[in-house]
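The values are calculated or read from the model by the stated rules, or taken from the named source; none is laboratory data. Just so it is clear, the structure is predicted and the values come from calculations on it, not from any experiment. A quick note on method: Cβ atoms are made from the backbone with ideal geometry, for glycine too, and the neighbour counts reach across all protein chains shown.
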């Protein structure tokens, strides 16, 4: 992405409530200046593609995306049809995010982590073939196909993302078998980013880099907020480490804007996805980063 100060950033909101009012949420996201409204595609969540069509129907510029589709839940050919049809119905505003799926996730618990990674790689191949085939129907509006985002949380997922993704989504956490999410520390996060950027550069590629933001806390005391979050969210990290993470935004709106700039400079991140619970908390940061 390119342009003047602030224009290189993109901001999205990920709606994870299965009972969300999608038209209303889409109108608000567009009004507040977000670029993208996304949905998580897992069992127990709202059906992704009808939700995104409903969002696009009441907006004019808002992009829509799956963030992220569990590739192990889908037959790739059926998924290709859903993507192409949704891209047509949204006027070419669809991006498709894929992930291998977490260990023990509903519907895929019998699969090993390697099985899931293999399914993801196969799905990427099938989607590339079908969505760029001129004879395939329905045809997507986007050319050559809708934007492909690939989520990475584990080291084994980095190579595929570097080779194939238009946007690499850094989840910023791992999910060990039988455990809760474990936030990556700043050095671990930086190592993943560096691996992807280095490998992509070797291949002559420069994918957009995105991160999923887990919390936004507006406060005039960043350090105290980090200390308060640490016991439940990341007891293995120090408060100072939490303040370095691109997955947590803590501070005044001005401090959060500066944190976004810091994450761009340190990690190369230009795309951010916040949870719908933080739709209003983060919104005032957007114009601060888009001042010319």
* Which one of these does residue 120 not meet: (1) over 22 Å from residue 188 (Cβ atoms); (2) at pLDDT 95 or above; (3) crowded, with 20+ Cβ neighbours inside 10 Å; (4) in contact with a strand residue (DSSP E or B) (Cβ under 7 Å, 6 or more places away or on another chain)? -> (1)
* Asked: Residue check: is residue 46 farther than 21 Å from residue 168 by Cβ, at pLDDT below 95 and either surrounded by 14 or more Cβ atoms within 10 Å (Cβ to Cβ) or touching a strand residue (DSSP E or B) at 6+ places or on another chain (Cβ under 8 Å) (or both)?
  -> yes
* To do: Scan segment 200-224 and report the pairs whose first residue is farther than 15 Å from residue 278 by Cα and whose second residue is in a loop (DSSP other than H, G, I, E, B) and at pLDDT below 95, with Cβ atoms within less than 9 Å and a gap of 6+ or a chain change.
  => 208/1
* Structure fact -> Those residues of segment 155-172 that are farther than 17 Å from residue 202 by Cβ and buried (at least 17 other Cβ atoms within 10 Å of the Cβ) come to a total of 6
* Structure fact -> residue 157 meets each of (1) without any contact (Cβ under 8 Å) to a residue 60 or more places away in the chain; (2) more than 17 Å from residue 69 (Cα to Cα); (3) part of a helix (DSSP H, G or I) with one exception, condition (2)
* To do: Could you please give the count of residues in segment 93-112 that are in contact with a helix residue (DSSP H, G or I) (Cβ under 9 Å, 6 or more places away or on another chain), under 23 Å from residue 17 (Cβ atoms) and either modelled with pLDDT of 95 or more or crowded, with 24+ Cβ neighbours inside 10 Å (or both)?
  => 6
* Asked: So how many residues does segment 77-92 have that are over 13 Å from residue 48 (Cα atoms) and surrounded by fewer than 18 Cβ atoms within 10 Å (Cβ to Cβ)?
  -> 6
* Out of 151, 185, which single residue is within 23 Å of residue 79 (Cα to Cα) and in contact (Cβ under 8 Å) with a residue 60 or more places away in the chain? -> 151
* Structure fact -> Pairs returned, first residue in segment 258-275 that is more than 13 Å from residue 169 (Cβ to Cβ), second residue that is modelled with pLDDT under 95 and assigned to a loop (DSSP other than H, G, I, E, B), beta-carbon separation under 7 angstrom, 6 or more apart or interchain, are 275/16
* Subset of segment 260-285 [within 19 Å of residue 245 (Cα to Cα) and touching a strand residue (DSSP E or B) at 6+ places or on another chain (Cβ under 6 Å)] -> 268, 269, 271, 272, 273, 274, 275, 278, 281, 282
